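I have placed the structure first, in the form of structure tokens, so that the comments after it can refer back to it.
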Amino acid sequence: SSDVCSSDLDVVIRSAQLSDSSLSCRELGPVRYSICAAPAYLRKVGSPKQPEDLKDFNCLVHSGQPAPGEWKFHGRKGSFTVVVRGNLRTNNGVALYEAVKGGLGIARLPDYAATDDLRTGTLTALFTDVTGWGRSIKAFYLRSRHQPAKLALFLDFMERYMRDRATA
């Protein structure tokens, strides 16, 4: 919250909830996660047949997420968790994305990062029948009686962008 209050920033985009009462919040949309790998990685080491097989693969983990090494799945048999491990843990989403694209392993990526690559075949999604929605993306901005037009336009754009990614 101090990012907005103490700087020239108009808006901060986060998935976590901020508790600063001087900020307004607008939910931009849900984030769907996919378990992704580069086709070259899967050709080299094989493909896991079911989520439980991930324990035998190099899984790249975003350490900034809650319980980062515990990937949750939701299927016909209910919800379950698979504990994963690998040789890369990072709190940088871009580094994680680039590592997966580069064929270093399997990662859980948000739709806003992976959709285009999944569509073109640069990345392959695994277990699409049991992965699901994770969190929602929110915009936080200073509470004001008169919202600047540029902020309103940006928030409308981001909401449309998130909706389009979710239905792609």
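Note on region 19-45: residues that are open to solvent by 40 Å² or more (accessible area, probe 1.4 Å) and under 21 Å from the mean Cα position of the chain (by Cα) amount to 5.
Any idea how many residues of region 19-65 are over 30 Å from Leu151 (Cβ atoms), of a type outside the set (Lys, Arg) and outside any strand (DSSP E or B)? First the steps, then the outcome.
Quick first cut of region 19-65, residues over 30 Å from Leu151 (Cβ atoms) only: 34-61, 63.
Subset that is of a type outside the set (Lys, Arg): 34-42, 45-48, 50-54, 56-61, 63.
Those left that are additionally outside any strand (DSSP E or B): 38-42, 45-48, 50-54, 56-58, 63.
The number of residues fulfilling the criteria is 18.
Exactly one residue among Ala152, Ala113, Ala107 is out of contact with any Ser or Thr (no Cβ under 7 Å at 6 or more places or on another chain), under 30 Å from Ser22 (Cα atoms) and among the small types (Gly, Ala, Ser), and that residue is Ala152. Of the residues making up region 14-40, those that are at pLDDT 80 or above and not acidic (Asp, Glu) number 17.
Within region 46-61, the residues that satisfy the criterion of being without any contact (Cβ under 8 Å) to a residue 60 or more places away in the chain, farther than 13 Å from Cys36 by Cα and open to solvent by 30 Å² or more (accessible area, probe 1.4 Å) are Lys49, Glu52, Asp53, Lys55, Asp56.
The values are calculated or read from the model by the stated rules, or taken from the named source; none is laboratory data. Worth saying up front: this structure is predicted, and the values here are computed from it rather than measured. Don't worry about glycine lacking a Cβ; one is built from the backbone with ideal geometry, like all the others, and counts go over all protein chains shown. Quick note on the areas: whole protein, heavy atoms, side chains included, nothing else; ligands and nucleic acids left out. Shrake-Rupley method; radii C 1.70, N 1.55, O 1.52, S 1.80 Å.
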